[in-house]
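Down below is the structure, laid out as structure tokens.
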Amino acid sequence: MIKTYTLPQGNATSPDVNMYWDTECKILFDCGPDEIESFLMFKNLFEMDGNSIGTIKAIVITHHHIDHLGGLKYFPKSIPVILNKNVLHFQNVNWNLIQGSERVIGSLIDTEDIKNKVLRRIVNEYDASNSLYDRKIITADSTSQEKVTVGPWTFVSTMGHSSSDLIAYNTLTGIAITGDIILPKIFFNAIIELDTDLQNLTSFRNEFYDEMDYILELNPKSLYIGHGEPLDYKRLTSSVNNTIKRMHRTERKITKAISDSKNINLTEMIEKIFKTFIPYDYFLPFSEVTSIYLDNKHDLHTN
Ligand SMILES: [Zn+2]
């Protein structure tokens, strides 16, 4: 059986995040947000259900974003961690990398305030605590869609929502756990990230389409997602169809705006396309527009 623990994040605008506990296999999926309060809340609920942290046999990381990985530092080092190898890129904040991304964002956005907002969000996706250090790691490489099997669970490394996605599928129950790849109503799924080798911004927009296909092909009975209630196959397909339609619509708008004007002002473009969403969060529209923009122009390397 899968037991869900839903935890608040430290700020009002971020949605509650799910952790899942496989009561038979004693595997924990994701480890909650960065804040100690979230971990203590989880620990309390977990113990009230008759469990103890010591019984956890393995922790699975669905992707490197801090609302899913941030809590790892509070778990004992003795628990092995199953993850996409690329999560390791997002350990150890390196000041050169932050400066690299500041240069790239600075070349795209002319407003200091917005630039700082976006930069802060990108930097916050790093796990500054280096929580994977000195842990037993079971890893798969996403370039080859490599698989890892533990009991009834198969773990496949993919890219799309982030460069470090891990799709978990239980062959006995037909349950899949996929982090933030599929989130109904939240249509900003292909998140821009800092390429730590190239000091450039990248997205995995094309890979994201493949990732959605892959999940549909898995044909799960139910899909347990990072934020919100599980989806049955019917709700999964309608969520995928809506996401694809919306992504194509934005791609058409942005590609047209790029071909219409000689001097592209990215800030204006973002505001024009996502007017009503901007006050809520600037980073997600930025991610959306920039990922399409980068597909059209590949010359954004800094030096
Ligand atoms: Zn999330």
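Data for the structure
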{"read-out": "Top-ranked residue of the stretch 250-289 - restricted to ones that are touching a residue at least 24 places away in the same chain (Cβ under 8 Å) and of a type in the set (Phe, Trp, Tyr), ranked as surrounded by the fewest Cβ atoms within 10 Å (Cβ to Cβ)", "value": "TYR280"}
{"read-out": "Complete set of residues in the stretch 124-153 that are assigned to a loop (DSSP other than H, G, I, E, B), surrounded by 14 or more Cβ atoms within 10 Å (Cβ to Cβ) and either at pLDDT below 75 or on the phi < 0 side of the Ramachandran plot (or both)", "value": "GLU125, TYR126, ALA128, SER129, SER131, LEU132, ARG135, GLN145, GLU146, PRO152"}
{"read-out": "GLU102 vs. criteria within 16 Å of the ligand (Cβ to nearest atom) and either surrounded by fewer than 18 Cβ atoms within 10 Å (Cβ to Cβ) or among the acidic types (Asp, Glu) (or both)", "value": "no"}
{"read-out": "Of all residues making up the stretch 42-100, the number that are in a strand (DSSP E or B), touching an Asp or Glu at 6+ places or on another chain (Cβ under 9 Å) and of a type outside the set (S, T, N, Q)", "value": "2"}
{"read-out": "Within the stretch 38-68, considering residues that are more than 14 Å from the ligand (Cβ to nearest atom) and either modelled with pLDDT under 95 or of a type in the set (Gly, Ala, Ser) (or both), the one surrounded by the most Cβ atoms within 10 Å (Cβ to Cβ)", "value": "ALA58"}
{"read-out": "Qualifying residues in the stretch 1-13 (those that are without any contact (Cβ under 8 Å) to a residue 24 or more places away in the chain and within 14 Å of the ligand (Cβ to nearest atom)) - the one surrounded by the fewest Cβ atoms within 10 Å (Cβ to Cβ)", "value": "ASN11"}
{"read-out": "Test: residue in the stretch 14-37 that is in contact with a His (Cβ under 8 Å, 6 or more places away or on another chain), in contact (Cβ under 8 Å) with a residue 60 or more places away in the chain and part of a strand (DSSP E or B)", "value": "yes"}
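Residues are listed down the side, and each one gets a yes or a no for (1) away from the ligand (no atom under 16 Å from the Cβ); (2) among the aromatic types (Phe, Trp, Tyr); (3) over 26 Å from GLY174 (Cβ atoms); (4) modelled with pLDDT of 95 or more:
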site	(1), (2), (3), (4)
ASN18	no, no, no, yes
PHE29	no, yes, no, yes
GLY70	no, no, yes, no
TRP95	yes, yes, yes, no
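The values are calculated or read from the model by the stated rules, or taken from the named source; none is laboratory data. Bear in mind the structure is a predicted one, so any value in this text is a computation, not a measurement. Cβ: placed from backbone, ideal geometry, glycine included. Neighbour counts: every protein chain shown.
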